[in-house]
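Enquirer: Attaching a single structure in structure tokens format; questions to follow.
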Amino acid sequence: MSLFNEGESDNRNDSPRRSFLSRLAKGSVALAATSLFAQPANAMANEFTIADDEPWLKGLAGKKHKQVFDGASVNGGFPLMFASAYMGTMAATYKLQPTDVGAIIIARHFGMPMALNSAVWAKYNIGKMIGFMDPATKAPATRNVFFHPKPGDMLNMDAAMEKMFAQGAIIGACNVAMTVLSGMAAAEMKMKPEAAYAEWKAGLIPGVQIVPSGVMAVGRAQEVGCTYCYAG
């Protein structure tokens, strides 16, 4: 027998029920929102295509697993070493083929000179400019220690630039940084900035690809499916 008249509600029962339904509704909204924001990581990657004028992204095509390494500074070569560790451990841990794993290293800001040959480093005193010391001499570097390094130059010699290219890694150099830094060096040497820029461009290590700007390249790499790693 009900203790309440017909038409009356049992507030003691309805209140918890309303609270439960309210929490359920909020939970459904939260779950829907979570799903909405969880999807774009994969969905967005399929929305963007690689343009013909983005050759530096072509090497990522078909890679199921790929990461971009943001080299805003030389950082002792860690932009290269992080990329090497990613490619090696991904392949070993998940028994992947080299064609399944991709890495793109963006040398931007004060990390851009990592993409230049030793002749440019020597002529423009790049070690002094960016505050990088030669591990052997302990003086400002006048050579690129990351390209064909000597023993002791890098913690992981397998991450040398030539070896990263052999593994299929992509290395992009920021054009904005190259323009600004070569201009600074030109002013120091009483040169025309255009002449210094031309020498820096000609002095890029074979295989390095110029990107319009490092920040744009980091963003575009993520848009085509790369995860992100700050490396400098």
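The values are calculated or read from the model by the stated rules, or taken from the named source; none is laboratory data. As the structure is a computational prediction, the values presented were derived from the model and not from experiment. No Cβ is skipped: glycine too gets one built from the backbone with ideal geometry, and neighbour counts run over all protein chains shown. What goes into the accessible areas is simple: the full protein's heavy atoms, side chains included, and nothing from ligands, DNA or RNA. Shrake-Rupley method; radii C 1.70, N 1.55, O 1.52, S 1.80 Å.
Enquirer: So if I place +1 on the C-beta of Lys and Arg and -1 on the C-beta of Asp and Glu, and nothing else carries charge, what would the dipole magnitude of the range 173-232 be about its Cα centre? I want it in debye, nearest 20.
Expert: 60 debye
Enquirer: May I ask you to order 65-74, 210-219 by the average number of other C-beta atoms within 10 Å around their residues, highest value first?
Expert: Per-residue Cβ counts within 10 Å, averaged per peptide and sorted highest first, yield 65-74, 210-219.
Enquirer: Determine the gain in length on full extension of the stretch Tyr230-Met157; use 0.36 nm per residue of separation and subtract their C-alpha separation, reporting nm with one decimal.
Expert: Residue separation times 0.36 nm, minus the Cα-Cα distance, leaves 24.2 nm.
Enquirer: For Gly88, what is the net charge nearby, where nearby means another residue's Cβ is under 12 Å from its Cβ and Lys, Arg count +1, Asp, Glu -1?
Expert: So the environment of Gly88 carries a net charge of 0.
Enquirer: How much of Arg143 can a 1.4 Å solvent probe reach, expressed as accessible area in Å² and rounded to 10?
Expert: Taking all protein chains as shown, Arg143 has close to 40 Å².
Enquirer: Toward the positive end of the charge dipole of the range 88-188, about the Cα centre and with charges on Cβ (Lys, Arg +1; Asp, Glu -1), which of Ala136, Ile171, Met154 goes farthest?
Expert: Ala136
Enquirer: A follow-up question, please. Place a point 7 Å from the Cα of Asn125 along the Cα-to-Cβ direction; which residues of the range 190-210 have their backbone N under 12 Å from it?
Expert: 190
Enquirer: Taking 8 Å as the Cα distance limit and 6 or more residues as the minimum spacing, I'd like the relative contact order of the range 101-232 as a percentage.
Expert: 29 percent
Enquirer: With all protein chains present and a 1.4 Å probe, how do Leu80, Leu204 order by accessible area, largest first?
Expert: I get Leu204, Leu80, largest accessible area first.
Enquirer: Simple spin-label model, 7 Å along Cα-to-Cβ: Ala85 to Ser213 in nm?
Expert: Between Ala85 and Ser213, the label points sit 3.0 nm apart.
Enquirer: Cross-link list Lys63/Lys95; Lys128/Lys163; Lys123/Lys190; Lys58/Lys150: which exceed 20 angstrom alpha carbon to alpha carbon?
Expert: Long pairs (Cα-Cα over 20 Å): Lys128/Lys163; Lys58/Lys150.
Enquirer: Once you order the gyration tensor axes a ≥ b ≥ c over the Cα atoms, which shape class does the range 115-213 get: rounded for a/c under 1.5, otherwise prolate or oblate by comparing a/b with b/c?
Expert: Oblate is the answer for the range 115-213, as a/c is 1.5 or above yet b/c matches or exceeds a/b.
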